[in-house]
Amino acid sequence: MMENLYKIDINVKTEYIEFQSNPNENRFAFSYTITIKNIGKIPAKLISRHWIITDANQKIEEVRGLGVIGEQPRLKTNEAFEYTSRTMIETPIGTMHGSYQMIADNGYRFDAEIPLFSLKTPNILN
């Protein structure tokens, strides 16, 4: 029953940032807004993040760091935290996924998986 104690729901919205992109120089900027919600039974704090960013050429960049946007939010049961960040890739389409490393108030450490999501410029499939 541990999965009911420690459960984080993650929702992602992405957007292409045209004014920060330069397709002629293989620079494609994307923002992503993430909502992290603690749907477990124990409050937990986001300690660090691990991202895997892959472009259409299969170039992989891994990013690790403390917190998100300089914060380490502590989420009570049913509490949510939302933030927006951005990334740059060399192709008009790519993917991101990863995990947040969490610590519950009782000291238990666990990973909250960030599901795979797409980065793509508008009309890329037309």
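A few remarks follow.
- Just so you know, in the range 71-126 the residues that are modelled with pLDDT under 95 and not β-branched (Val, Ile, Thr) include one that is farthest from the chain's Cα centre (by Cα), and it is ASN126.
- Within the range 1-35, tally of residues that are basic (Lys, Arg) and part of a strand (DSSP E or B): 2
- Within the range 91-100, not a single residue is in a strand (DSSP E or B), aromatic (Phe, Trp, Tyr) and either in contact with a Phe, Trp or Tyr (Cβ under 9 Å, 6 or more places away or on another chain) or farther than 16 Å from VAL63 by Cα (or both).
- Of the criteria (1) surrounded by fewer than 17 Cβ atoms within 10 Å (Cβ to Cβ); (2) modelled with pLDDT of 95 or more; (3) touching a strand residue (DSSP E or B) at 6+ places or on another chain (Cβ under 8 Å), which one GLY40 fails: (1)
- Lone qualifier among PHE81, PHE30 - being surrounded by 14 or more Cβ atoms within 10 Å (Cβ to Cβ), aromatic (Phe, Trp, Tyr) and in contact with a Pro (Cβ under 6 Å, 6 or more places away or on another chain): PHE81
- Subset tally (residues that are in contact (Cβ under 8 Å) with a residue 60 or more places away in the chain and not aliphatic (A, V, I, L, M)) for the range 71-93: 4
- Unique residue being farther than 17 Å from ILE8 by Cα and in contact with a Ser or Thr (Cβ under 7 Å, 6 or more places away or on another chain) when the list is GLY65, GLY40: GLY65
- Test: ALA112 is part of a strand (DSSP E or B) and farther than 30 Å from ASN4 by Cα: no
- Residues being touching a residue at least 24 places away in the same chain (Cβ under 8 Å) and either on the phi > 0 side of the Ramachandran plot or not charged (D, E, K, R) (or both) - total across the range 94-126: 23
- THR84 being in a strand (DSSP E or B) and closer than 15 Å to ASN11 by Cα: yes
The values are calculated or read from the model by the stated rules, or taken from the named source; none is laboratory data. The shown structure was predicted, so the numbers you read here are calculated from the model rather than taken from an experiment. In this analysis, Cβ positions are derived from the backbone assuming ideal geometry, glycine residues included, and neighbour counts consider all displayed protein chains.
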